[in-house]
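Colleague: Below you will find the structure I want to go over with you.
Any read-out appearing in this document is the output of simple, stated calculations on the displayed coordinates, not a laboratory observation. Note that the structure is a prediction, hence the values are computed from the model and not measured. A quick note on method: Cβ atoms are made from the backbone with ideal geometry, for glycine too, and the neighbour counts reach across all protein chains shown.
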Amino acid sequence: MLLLFISAGEVVVLLFAALMLFGPDRLPGFVRSVAKGIRTVKNAQADLTQQLMSDEQSGIKDLKDAAEDIKSEIEGVVSRKK
């Protein structure tokens with residue numbers, strides 16, 4: 001088992017250390033708390049990614065609008081020169 005560069009033996013040692021540190025009664029609650037924290041971080045990451053993508057799309061739309069404005073101004077100047 002390779003998870004974040006941790007071997008199976010290291011996982012067993014970590015689980016044993018957690019069991020000794022927290023005891024069998026408090027260990028399930030601790031694991032739930034850690035899982036909830038990880039879930040919160042993942043949700044925050046997904047929200048931030050979505051917000052950044054939305055901002056990027058908005059920025060692209062603004063650039064396209066500006067390019068269209070410049071294009072129409074250039075076409076107006078060129079048509080006056082003829």
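Colleague: Set the Förster radius R0 to 25 Å, insert the Cβ-Cβ distance between residue 56 and residue 35 as r into 1/(1 + (r/R0)^6), and round the FRET efficiency to 0.05.
Modeller: It comes out at approximately 0.20.
Colleague: Using alpha carbons only, how many degrees (0 to 90, rounded to 10) separate the axis of helix 8-81 from the longest principal axis of the chain?
Modeller: Relative to the chain, helix 8-81 is tipped by roughly 0 degrees.
Colleague: Can you find, among 40, 30, 72, the residue farthest towards the positive end of the dipole of the stretch 25-82? Put +1 on the C-beta of Lys and Arg, -1 on that of Asp and Glu.
Modeller: Final value for the positive-end residue is 30.
Colleague: Can you count the Lys pairs in the stretch 25-82 with C-alpha separation below 26 Å, eight or more apart or on different chains?
Modeller: Count of close lysine pairs: 4.
Colleague: With no solvent and one point on each alpha carbon, what is the Debye value of log10 I(q)/I(0) for the chain at q = 0.21 Å⁻¹?
Modeller: Debye intensities relative to I(0), on a log10 scale: -1.02.
Colleague: Compute the signed sum of charges (Lys and Arg +1, Asp and Glu -1) over the other residues within less than 15 Å, Cβ to Cβ, of residue 40.
Modeller: Working: positive: 32, 36, 39, 42; negative: 47.
Its environment carries a net charge of +3.
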